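Here is the structure we will look at.
The values are calculated or read from the model by the stated rules, or taken from the named source; none is laboratory data. A quick note: this is a predicted structure, and the numbers were derived from the prediction, not measured. Neighbour counts run over all protein chains shown; Cβ positions are idealised from the backbone, glycine included.
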Amino acid sequence: MSKIYLAAPYFNDMERVSADKVYQCLKDLEIDVHFFAYDGLVLSPDSSLEDRKRAFSDNIREMDSCDVVVAIVESDPVYGIDCGTVFDLTYAWTKGKTVYTYDSQNPGKMNVMLAMASSGHASDISELIDVLRGNGKIWEGKVI
């Protein structure tokens, strides 16, 4: 496998645990992975317009250069699914990239648009490994 762009929120402890787990899995599989929290410019709420533009263009460039996007689509109890992750997933899909989704928190349902954009879905790390090796499956659960 070539290069993976990890699309994931990283704003609270729950999100960081999931993102770190998936990132480490990809690194353990010796996959070239880009994740903004480790490889990019991390913004604060008060970041300058210049930094915001740079973060945006850097992430677009990284998505353009990847072959696969793994999107963590877990839903925060307060804010729902991260809109930045949804943007990344949608952008990648429209560019013809392979998109895989991961959600270990809400295994029973998924938004129909995200489900149909995904070429494979995983609800735990072992399933993610299967998906990455071409043995995974698309979402077959309930859609919302």
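Structure summary
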item: Failed condition for T98, given (1) under 15 Å from L128 (Cβ atoms); (2) surrounded by 16 or more Cβ atoms within 10 Å (Cβ to Cβ); (3) over 11 Å from the mean Cα position of the chain (by Cα); (4) in contact (Cβ under 8 Å) with a residue 40 or more places away in the chain; result: (4)
item: Scan of the stretch 101-128 for residues that are in contact (Cβ under 8 Å) with a residue 40 or more places away in the chain and either over 18 Å from D88 (Cβ atoms) or surrounded by fewer than 18 Cβ atoms within 10 Å (Cβ to Cβ) (or both), ordered by number; result: S104, Q105, I125
item: Pairs, first in a strand (DSSP E or B) in the stretch 129-144, second modelled with pLDDT under 85 and surrounded by 10 or more Cβ atoms within 10 Å (Cβ to Cβ), C-beta under 9 Å, six or more apart; result: K142/K109; V143/K109
item: Residue satisfying condition, being modelled with pLDDT of 90 or more, crowded, with 18+ Cβ neighbours inside 10 Å and farther than 22 Å from R16 by Cα, within set W139, W93; result: W93
item: Count of residues meeting criterion [assigned to a strand (DSSP E or B) and more than 14 Å from the chain's Cα centre (by Cα)] in the stretch 101-111; result: 2
